[in-house]
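Structure first, commentary second.
The values are calculated or read from the model by the stated rules, or taken from the named source; none is laboratory data. Predicted model, so just to flag it, every value in this text is computed and none were measured. Every residue, glycine as well, gets a Cβ built from its backbone with ideal geometry; the counts of neighbours run over all protein chains shown.
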Amino acid sequence: SQFFDVIDLFPNQYPKSLISAFYFYCKDKNLDFFEDKNLLPFLSKMIANLLTIYINNSTVNAIKDPVFNAYVSLYENGNLDFKIKTQDILNDKDRFKEDFFRSSGLIKTLTLLNLYLKYETQEIIYGEVEHILPRNWQDTCYQDLNKDEANRYIESIGNKMWLEKSLNIKASNHYFKSKKEKYKDSKFQEAVALSELPQDEWGKDDIINRENEIFKTINNFLEKNI
């Protein structure tokens, strides 16, 4: 169910059509679509391959043909063959990492996937993306940044996480010490974890470290499941 939540945030509906195809494939083969041993490997492979393709090529229609290829191969031999060398994409490590951090259109998808990979017991709840370091300029918040470089870090995936809308409004443009008090009340486990950090400031180094942690978590998932 967590993976379905991630798929809901894909840029288009093509993945959902592939899920429908798998449902009818299971029905034809007398397989239980909802059984974990059938569904989880399918969703993991689909998400890993399609995200890799999206990150490599950010156009909306990038996965149209790969999804069709997978649809055909599913009915021909029961496998998902996207006919894209996704492992080669991942093997070009430097370029893939650069593309990953440029994938602004996938921020919601990637941050949600990271959340579920890091916190497997995270319940599915409605939320929105919170900027840990706020977008509106306050000198108290930006001690190690100047205005010219601030936007690069503010809009980084390392500065974004999921939070309930009500708490996001309350946290708003406050500095990190104040935000932590709001994060304590969240049902998002990542927000609670941030509230328990001993530091009272959130700056460039924290964002860079979190960027790298998110990339490592998601890249490991992609490598394991393509």
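Taking the criterion of being in contact (Cβ under 8 Å) with a residue 60 or more places away in the chain and either in a loop (DSSP other than H, G, I, E, B) or over 16 Å from residue 190 (Cβ atoms) (or both), the residues of the range 97-119 that qualify are 97, 100, 101, 105, 106, 119. Applying the set (1) over 18 Å from residue 3 (Cα atoms); (2) buried (at least 20 other Cβ atoms within 10 Å of the Cβ); (3) not small (Gly, Ala, Ser) to residue 65 leaves exactly one unmet item: (2). If the condition is being closer than 14 Å to residue 109 by Cβ and part of a loop (DSSP other than H, G, I, E, B), then the range 43-90 contributes only 58. When residue 76 is tested against (1) free of Cβ contacts under 8 Å to residues at least 60 places away in the same chain; (2) of a type in the set (D, E, K, R); (3) not assigned by TED's automatic domain parsing to the domain that holds residue 60, just one condition goes unmet, and that condition is (3). Scanning the range 149-177 for residues that are surrounded by fewer than 20 Cβ atoms within 10 Å (Cβ to Cβ), at pLDDT 95 or above and of a type in the set (Gly, Ala, Ser) yields one hit, 166. Identify all residues within the range 42-82 that are within 19 Å of residue 117 (Cβ to Cβ) and of a type in the set (Asp, Glu); write none if there are none. None - no residue of the range 42-82 is within 19 Å of residue 117 (Cβ to Cβ) and of a type in the set (Asp, Glu), so the list stays empty.
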